[in-house]
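> My questions all concern the structure below.
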Amino acid sequence: LDQTQRAHADQHAWRQREWDNLITEFDRGLRTLFSSARSVRPHPDRHVAEAELSAAEKRHALGLMRVNHCGEVCAQALYQGQALTARDPAAREALRHAAFEEVEHLAWTEQRIRELGGHRSLFNPLWYTGSLAIGISAGLLGDKWNLGFLEETEHQVGAHLDSHLSELPVQDAKSRAIVTQMRDDELKHAEMAHDFGAADLPAPIKNLMKLSASQLACLVAIRRTCGQ
Ligand SMILES: [Fe+2]
Ligand SMILES: [Fe+2]
């Protein structure tokens with residue numbers, strides 16, 4: 001009887017923990033969407049002076065930073081979803097750590113968007129929900145694939161941020177400082193996932209991921225040109 005009672009107690013504690021996790025992540029999600037993110041690290045552009053930008057350059061930089069902000073909302077949701085379904089506590093911790101730094105990226109891009117005179121994408125809740133579902137599904141495939149998905153995502157985001165560095169106006173050193181630090185962080189996240197035993201994803205999956213990422217960027221870009 002003792003053993004049965006203990007098994008019941010264990011199961012109860014496990015269920016309690018799962019609920020706690022779910023509630024914590026839900027709370028984090030609401031904060032991502034509806035309040036301003038805060039950064040523990042100092043903003044990378046804190047000592048960088050604001051440059052002279054023409055109206056067109058400002059609009060262009062704003063559009064790029066808005067795409068980046070939206071990408072960070074997705075990263076947050078993705079890692080939250082992945083952490084929810086990850087099995088190994090160490091993998092969960094790695095995902096939480098990455099998600100935490102994505103919140104800082106959110107804070108940096110959000111402030112820069114404001115400085116450039118814009119607002120966050122109105123479609124963020126939509127991106128958030130989609131990414132959360134993808135993250136939960138990735139986690140269900142098992143830790144090795146879950147981390148493999150994280151590693152590949154970070155590589156792709158890193159490459160995407162590199163392309164933004166060549167697109168941003170040269171004199172916009174503030175935006176560039178933020179994007180550079182974000183790129184370095186994303187590559188560190190990829191390394192971390194690799195060290196935790198990420199599997200190398202098959203090439204067709206990687207290509208599919210590239211496709212959906214570029215479609216997302218396209219959608220945001222369309223909104224940007226529509227001036228919404
Ligand atoms: Fe990020
Ligand atoms: Fe990242």
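> If the viscosity is 1.567 mPa s and the temperature 4 °C, what translational diffusion coefficient in µm²/s does Stokes-Einstein give for segment 74-204 when Rh comes from Kirkwood over Cα pairs? Don't jump to the answer; show the numbers that get you there.
On the way: Rh = 15.3 Å.
Once the numbers are plugged in, D ends up at 85 µm²/s.
> Express the relative contact order of the chain as a whole percentage, based on alpha carbon pairs under 8 Å and six or more residues apart in sequence. Working shown, then result.
On the way: 265 pairs, mean separation 57.6, N = 228.
Dividing the mean separation by the residue count of the chain yields 25 percent.
> Taking R0 as 41 Å, what FRET efficiency do you get between N207 and Q3 from their Cβ-Cβ distance, rounded to the nearest 0.05?
Values: r = 51 Å, r/R0 = 1.24.
The pair N207/Q3 has a calculated efficiency of 0.20.
> With everything on Cα atoms, drop me the angle between helix 143-167 and the longest principal axis of the chain, reported from 0 to 90° to the nearest 10.
Tilt of helix 143-167: around 10 degrees.
> Determine the distance separating the Cα centre of segment 133-152 from the Cα centre of segment 39-116; give it in Å without decimals.
21
> Mind checking which aspartates and glutamates have their C-alpha under 13 Å from K144, skipping anything on the same chain fewer than 8 residues away?
D88, E152, D195, D200
> Moving on. Report, in degrees rounded to the nearest 10, the 0 to 90 angle that the Cα long axis of helix 89-115 makes with the longest principal axis of the chain.
It is inclined by approximately 20 degrees.
> Using a/c under 1.5 as the rounded threshold, could you call segment 44-125 rounded, prolate or oblate? The axes a ≥ b ≥ c are square roots of the C-alpha gyration tensor eigenvalues, and prolate needs a/b larger than b/c, oblate otherwise. Walk me through the numbers on the way to the answer.
Values: a/c = 4.30, a/b = 2.22, b/c = 1.94.
Prolate, since a/c reaches 1.5 and a/b exceeds b/c.
> Which of Y79, Y128 comes first, and how do the rest follow, when ranked by fewest Cβ neighbours within 10 Å? Walk me through the intermediate numbers first.
Values: Y79 30, Y128 21.
Going from least to most buried by this count: Y128, Y79.
> Here's another thing I want to ask about it. Hey, if you drop one equal point scatterer on each alpha-carbon of the chain and run the Debye formula without solvent, what base-10 log of I(q)/I(0) do you get at q = 0.11, 0.16, 0.18 Å⁻¹?
Treating every Cα as an identical point scatterer, log10 I(q)/I(0) equals -0.56, -1.09, -1.34.
Every number in this text was worked out from the coordinates using simple rules, so none of it is lab data. As the structure is a prediction and not an experimental result, all values here were calculated from the model. As a convention, Cβ positions derive from the backbone with ideal geometry for all residues, glycine included, and neighbour counts pool all protein chains shown.
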